[in-house]
Amino acid sequence: MKLHYVEAGRGPAVLLVHAFPLNHTMWASQIDALKDRFRVIAPDIRGFGQSATDSPWTLAQAADDLAELLDTLSVSDCALVGLSMGGYIGLPFYAKYANRVRRLILADTRARADNEAEKKGRTDLVAALEQSGAGILADRVLPRLLKPEPSPSASTQVRGIIAAASAKAAIFASQAMRDRADATPVLSQISCPTLVIAGEEDAITRVDECRAMAETIQAGRFVMIPGAGHLSNIENAEAFNAAVSAFLA
Ligand code: MLT
């Protein structure tokens with residue numbers, strides 16, 4: 001499926017894959033920081049931002065969408081940066097298109113599938129969205145996306161991005177994440193240099209879990225972003241950008 005995307009800069013390609021329930025605009029600071037040295041490509045995943053969705057989808061299909069986008073842009077390989085849902089998509093992308101990944105950055109994400117409690121949480125969210133619409137989304141997800149006492153500017157920014165998500169997009173993405181396969185076996189196949197990032201106060205994908213993921217990956221490194229929760233690229237953009245720039249240098 002054709003995805004909407006923004007593109008900036010010239011050089012080796014960097015593909016930024018966003019979190020749930022956001023869109024490519026969450027990467028504004030990273031696009032700015034990287035565009036002098038890289039060709040930065042930031043798509044909207046199915047249903048989000050200006051990408052369409054009319055039926056349920058799987059993370060494997062979302063990975064195929066990324067490959068199709070790279071084809072459209074005549075990009076043979078890229079550094080793929082996936083944050084949270086972006087990482088859930090990045091791992092099946094690597095499994096199928098390893099030769100198109102020069103470097104991998106997995107931020108605030110995990111390889112394992114949802115456990116039963118997490119699946120139930122997604123099913124409950126889908127029911128609430130079906131009943132009440134997308135208006136409930138920000139209050140439901142924001143507390144876990146940001147650190148316990150977030151800065152007003154981060155809250156306002158993320159709330160604004162979430163407000164753009166439709167109920168349909170959030171429902172399909174929640175179902176896709178709930179039903180995703182365990183990608184743990186992919187970790188031992190990863191042969192490209194890989195950076196795993198975790199926000200110090202991430203309440204969804206914990207620091208220890210992310211560090212363990214880095215240790216499983218052959219050429220894996222780990223960086224913790226201080227003073228940040230799950231959306232570490234927004235809550236401490238300076239440290240996030242420094243880690244990404246150093247790794248991609
Ligand atoms: C995300 O940030 O993409 C989601 O919070 C991930 C999740 O709910 O597992």
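The values are calculated or read from the model by the stated rules, or taken from the named source; none is laboratory data. Owing to the predicted nature of the structure, the values given are computational and were not obtained by experimental measurement. Every residue, glycine as well, gets a Cβ built from its backbone with ideal geometry; the counts of neighbours run over all protein chains shown. When the accessible area is computed, the model is the full protein with side chains, heavy atoms only, and any ligands, DNA or RNA have been set aside. Shrake-Rupley method; radii C 1.70, N 1.55, O 1.52, S 1.80 Å.
For this structure, a couple of remarks:
- Close amide H pairs (under 5 Å, H built 1.01 Å from N) link V17 with V81, G82, L83, residues at least 5 positions away or on another chain.
- A protection proxy built from the mean count of other Cβ atoms within 10 Å ranks the segments 230-240, 126-136, most packed first, as 230-240, 126-136.
- Shape call, region 7-101: gyration tensor on alpha carbons, a/c limit 1.5: oblate
- Residues of type lysines that K35 reaches as a straight line, Cα spacing below 29 Å, ignoring anything fewer than 8 places off in the same chain: K2, K96, K147
- For region 109-126, 3J(HN,Hα) computed residue by residue from phi via the Karplus equation (6.51, -1.76, 1.60; θ = phi - 60°) reads 9, 8, 9, 5, 6, 5, 7, 4, 5, 5, 4, 5, x, 5, 4, 5, 5, 4 Hz, glycine and proline entered as x.
- Cα gyration tensor shape of the chain, rounded if a/c is under 1.5, else prolate or oblate by comparing a/b with b/c: rounded
- Percent carbon-and-sulfur accessible area, region 123-249, ignoring ligands, DNA and RNA, probe 1.4 Å: 52 percent
- Cα centroid of region 95-130 to Cα centroid of region 209-238, whole Å: 16 Å
- Mean residue ellipticity at 222 nm, helices only, the chain: -13500 deg cm²/dmol; runs of at least 4 DSSP H residues each add -39,500 (n - 2.57), and the sum is divided by the number of residues.
- Beta bridges from DSSP with both residues in the chain: antiparallel share about 15 percent, rounded to the nearest 5.
- Accessible solvent surface per residue of region 178-249, calculated while the other protein chains remain in place, 1.4 angstrom probe, Å²: 42 Å²
- Solvent-accessible area per residue in region 88-131 equals 43 Å², computed with a 1.4 angstrom probe and all protein chains kept.
- Placing +1 on the Cβ of every Lys and Arg and -1 on the Cβ of every Asp and Glu, with nothing else charged, gives the chain a dipole about its Cα centre of roughly 340 debye.
- Top positive-direction residue, dipole computed over the chain with Cβ charges, set H230, G11, Q175: G11
- Y97, Y88, reordered so the largest accessible area comes first (probe 1.4 Å): Y97, Y88
- Residue with peak Gaussian network fluctuation, the chain [Cα springs, cutoff 10 Å], from A117, A138, A107: A117
- Dipole magnitude (debye, nearest 20) for region 47-118, charges at Cβ of Lys, Arg, Asp, Glu: 380 debye
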